[in-house]
Amino acid sequence: MNRPASLSIALTGSGGAGVMTAGQTLLDAATSSGLYGLMTRSTGPQIRGGEAAAMIRLSSHPVQSHGDRFDILLALDFDNVERFAEELPLDSESLIVADPAAGEMPAFLKASGAAIGLVPMAQLAKSIAGSRISMVALGILARIIGLPESAVIAAVAESIGRKKPEALAASEKAVMAGSAAAPEVNVPKLALPHTPRAGRWSITGNEAAAFGALKGGVKFVAGYPITPATEILEWMAAALPQCGGVLVQAEDELASINMIIGASFGGAPSLTATAGPGLSLMTEAIGLAVASEIPLVIVDVMRSGPSTGIATKSEQSDLNIAVYGLHGDAPHVVTAPLSVADCLLTAQWSVHLAETLQTPVIMLSDQSLGQARVVIDRPGDLAFATQRLAPEAASVGYARYATTESGISAMSVPGFPGGQYTADGLTHNARGTPTSQAKDHVAQLDKRQRKLDSFDFGAHWAEIDGEGELAVLTWGSSTEPLREAIAEARAGGTDVKLIALRLIAPAQPGRLTAALAGVKRVIVLEQSHSGQFWRYLRAHYDLPKDAIPIHCPGPLPIRPGEILTYIQQGVPA
Amino acid sequence: MNMIPATAPAFKPADYKSSVKPVWCPGCGDHSVLLSFQRALAELALPPEQVAIVSGIGCSSRIPAYTNCYGFHGVHGRSLALASGLKVARPDLTVLVASGDGDGFSIGGNHLLHACRRNIDLTYIVMDNRIYGMTKGQPSPTTEPDWDTAISPGGTGLSPFHPLVIALASGANFIARGFAGNIGGCAKLIAEAVRTPGFSFVQILSPCVTFRPDQQRGWKDLVHPAAVPETDDPARAARRLMTDDGFNIGVLYRGKREPYQPAPKAYLAPSHLEAEFAL
């Protein structure tokens, strides 16, 4: 198989052993040598003492998803490493680096057929006062993959700070000791481009979502801590007050969503970030925002559900609640970023849509995007002409919910004389006055639907790439592994069209029909157990007769190789 | 403080009245509370567009649309959260919150604790009639234990909730009680609550003539002015509130806590933050 020129490395160890820091340092060292990279984290629910894996992929070109296998697994210890057996595919071409003092090698590692290199890492670390086993591991990895030790030491210095010369000296010794003790193995070494990394960004999906929202104009955030969305709130807590906004930590998600409704009613573009359980709590008030036409962005960083599920691991299974979770007929917008980097664009666009359409937008990110760090070329700047339609001047008889042709009506904000109205979850008339008359109910339902139906969502609704009789239709975080599979398929002479939806709701049947012109066969790809996306498409779109769903639950990522098999050999019945 | 500029227009209570006709039963205490709102706002001489009245669900929560101010009639129990977001985002506005004993103390109970603790500059007015009126007569957290209803035959057997004690313990900065029948008195309490920085909590005993007809007759005679002047000592206030008969009228506590008002530190364009991602 003609693999992309990348190297995949997993570092595992018990929680607190320094796996994540070491992984980050390796990524820093590699990117300072001109490489691009991706790092994701896998942990148990424990804060310390559980199991942790840093999964890193390095390449001379940008990578935003993992490959099919790992070239190297470095295990600092064997504590609970078997819990990663499914997440770390190894084969006979892989290399396992382990410590002979770690005890009996777990069966799944032996069974992989991988070459094994034993290095007494703990003993080496112990022999250097003030050093850590993770630093020895970094030295080993640098030697094996061909990174200069100096790059690793510089990255360590960056991470622990130059103000601690003793700690730095010990780490440097440990890195050199690891390098000297590295097993002589035949791992393909990456060509180091040594291109300047200036102009590249290192960013996580959660940071990108937060930054995108800030660029979109968000001025108020309320939120309640929840894995894996908390980093959005933490990043915003520091950044927002620098840009004229504020963040409030709410007492629960019921409060977060209502706080942002209040702030947005007051004129501040507002956002909250949560995960599935929090979204469930918010749904009543999201319906209020639909009825009272309050612009909001709700970022749901999805995790494996239902209920508490696997809080630290990913799944695309909140599509149903995001689209259908509100009671009554409550048209709103649902968007989804297509990669880690795309969290930026999608968040900025989501703010634009919310403000323009005066409606809540639920953005479905997920753990595999939000908590992944990528090194990418600086994303281009986007500018949306975002403006809430406001009344031009005080007028007698201002009608907040006037039934306009576009469905969008002028929204006054408190302080504006003559614009007073009461926003209401009760069915209301054009003035906002509560009513229980059928004609008012229908007029306002029509108006709110019309806002979405008549709006031109433009080119951002989907990413479409290539031509072919076969198209693979997907959304969200399944897009990047699909891109890689399609690139492989094309390299092998098979034309495949990629269609990845960034706009989940409202459905865009006309646009998809155009995108499917000439397509005879469709594969629908998603990460949910029940095929939520497949069912959604079947309800709202006309697909070719030959359409086949591939839906598998989290938390294991969909691998490019699996997708390639479906593309080349068809989907088993 | 509260100086009215010489050029400011004088406002009359009628300036705060909307054309929407209340849904309340004839004789409901909430009619009187609405008049108290209007009188208080006129006394404060606040332009209607500078005032926002936020509410949840229930008879009392209907009040925003009956005023000429900005209003938000939201979901059940969440008015304090909505108002908190509004006030933090728009500190220039005067934000009042209207609620009832079910909306505020039952479904919204957690938000009451945290609104008191946060001490945002809000005025929270709870029209307490010790019953769920809009759903036709179920016991609320302040209903007496032996009050017989269809959903609680023979009574709940539960001790009533003591909202003012809870508010004090949670950090409310101003605590008062009024009786709806005393429109002028309630107007003064509301105006005082608005003037006092931080979270102000006013419980207004507001009789339900339909499901608690006993109240209308009884409360008028039971209420009495607080026997002692207001205090700023929480320990003293706690003792008084724990032992009062529930019919003490007046300002019962006025603290000195600074309101919570997070503020922006700078007004940079977001692109200035990009450096943190750049390699």
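How large is ³J(HN,Hα), in whole Hz, for each residue of segment A:351-365 in order, when computed from phi with the Karplus curve 6.51 cos²θ - 1.76 cosθ + 1.60 and θ = phi - 60°, using x for Gly and Pro?
Once rounded to whole Hz, the list reads 5, 4, 5, 4, 5, 5, 8, 6, 8, x, 10, 9, 9, 9, 8.
Using the alpha-carbon atoms, what tilt in degrees (0 to 90, nearest 10) does helix A:165-181 show relative to the longest principal axis of chain A?
The angle comes out at about 60 degrees.
Restricting attention to the alpha-carbon atoms of segment A:445-573, what are Rg (one decimal) and Dmax (integer), both in Å?
14.9, 51
Tell me, in nm to one decimal, what length is gained between residue A:169 and residue A:154 on full extension, where the rule is 0.36 nm per residue of separation less the Cα-Cα distance?
This chain segment gains 4.2 nm when fully extended.
If you build the Cα gyration tensor of segment A:6-181 and take the root of 5 times each eigenvalue, what three semi-axes come out, in whole angstrom, biggest first?
23, 19, 15
Averaged over its residues, how many other protein chain Cβ atoms are within 10 Å of peptide B:229-238's Cβ atoms?
Per residue, the average neighbour count from other chains is 0.
Using the Kirkwood radius over Cα pairs, work out the Stokes-Einstein diffusion coefficient for segment A:319-389 at 10 °C and 1.306 mPa s, in µm²/s as a whole number.
D, rounded to a whole number, is 117 µm²/s.
Quick check: Cα centre of segment A:443-477 to Cα centre of segment A:54-88, how many Å?
Comparing the Cα centres of segment A:443-477 and segment A:54-88, I get a distance of 35 Å.
Kirkwood-based Rg over Rh for segment A:389-455 (C-alpha set), two decimals?
We get a ratio of 0.97 for segment A:389-455.
For a footprinting-style exposure proxy, rank A:361, A:396 by other Cβ within 10 Å, fewest first.
By the 10 Å Cβ count, ascending, the order reads A:396, A:361.
If you average the C-alpha positions of segment A:352-414 and of segment B:95-170 separately, how far apart do those two centres end up, in angstrom?
Computed from Cα coordinates, the inter-centre distance equals 36 Å.
Rg/Rh for the protein assembly as shown to two decimals, with Rh computed the Kirkwood way over all alpha-carbon pairs.
1.04
Under the definition of partner shielding as Cβ atoms of other protein chains within 10 Å of a residue Cβ, what is the mean value for peptide A:245-258?
For this peptide, the per-residue mean of nearby foreign Cβ atoms is 6.
If each residue's Cβ is checked for other Cβ atoms within 10 Å, how do A:422, B:143, A:386, A:195 rank with the fewest at the top?
A:195, A:386, B:143, A:422
Tell me, what is the percent relative contact order of chain B, built from C-alpha pairs under 8 Å that lie six or more residues apart?
17 percent
Two decimals is fine: what's Rg over Rh for segment B:13-276, C-alpha atoms, Kirkwood radius as Rh?
My calculation of the ratio gives 0.99.
Which percent of the Cα-Cα distances in segment A:364-493 go past 24 Å?
56 percent
Among A:326, A:296, which comes first, second and so on when ranked by fewest other beta-carbon atoms within 10 Å?
A:326, A:296
Considering only lysines 8 or more places apart in sequence, or on different chains, count the pairs in segment B:13-276 whose C-alpha atoms sit under 22 Å apart.
6
Once the Cα atoms of helix A:19-32 and of chain A are each reduced to a long axis, what angle between those two axes, in degrees from 0 to 90 to the nearest 10, is obtained?
Its long axis makes an angle of about 90 degrees.
What share of the DSSP beta bridges in the protein assembly as shown is antiparallel, in percent to the nearest 5?
Taking every DSSP beta bridge with both residues in the protein assembly as shown, the antiparallel ones total about 35 percent.
For segment B:122-207, with equal point scatterers placed on the C-alpha atoms only and solvent neglected, what are the log10 I(q)/I(0) values from the Debye formula at q = 0.13, 0.17, 0.23 1/Å, to two decimals?
-0.49, -0.75, -1.05
Provide the convex hull volume over Cα atoms per residue for segment B:167-234, in Å³.
110 Å³
Per DSSP helix of 4 or more residues, -39500 (n - 2.57); summed, then divided by the residues of chain A. What does that give at 222 nm, rounded to the nearest 500?
Per the formula, -10500 deg cm²/dmol.
Output the 0 to 90 degree angle, nearest 10, between the alpha-carbon long axis of helix B:29-44 and the longest principal axis computed from the alpha carbons of chain B.
Its long axis makes an angle of about 40 degrees.
Over all alpha-carbon pairs of segment B:1-99, lay out the pair-distance distribution in 5 Å bins, whole %, shortest bin first.
Spelled out per bin, shortest first, that is 3, 13, 23, 23, 19, 11, 5, 2, 0.
Calculate one ³J(HN,Hα) per residue across segment A:73-85 by plugging θ = phi - 60° into the Karplus curve 6.51 cos²θ - 1.76 cosθ + 1.60, and present them in order as whole Hz with x for glycine and proline.
Karplus-based 3J(HN,Hα) across segment A:73-85 equals 10, 10, 9, 5, 7, 9, 4, 6, 4, 5, 5, 9, 3 Hz.
Percentage of Cα-Cα pair distances in segment A:202-377 greater than 18 Å, rounded to whole percent?
More than 18 Å apart: 53 percent of the Cα pairs in segment A:202-377.
Could you derive backbone 3J(HN,Hα) for segment B:96-109 from the dihedral phi with the Karplus parameters 6.51, -1.76 and 1.60 (θ = phi - 60°), listing whole Hz in sequence and x where the residue is Gly or Pro?
Karplus values, whole Hz, x for Gly and Pro: 10, 10, 10, 8, x, 6, x, 4, x, 9, 9, 5, x, x.
Report the semi-axes of the equivalent ellipsoid for segment A:239-334 in whole Å, largest first, where each axis is √(5λ) for an eigenvalue λ of the Cα gyration tensor.
22, 18, 11
How far is the Cα center of segment B:240-279 from the Cα center of segment B:29-54, in Å?
Each part reduced to its Cα centre gives a spacing of 23 Å.
Where a number appears in this text, it was derived from the coordinates with a stated rule and is not lab data. Being a predicted model, the structure only gives us computed values, none of them experimental. Note: ideal-geometry Cβ built from the backbone for every residue, glycine included; neighbour counts use all protein chains shown.
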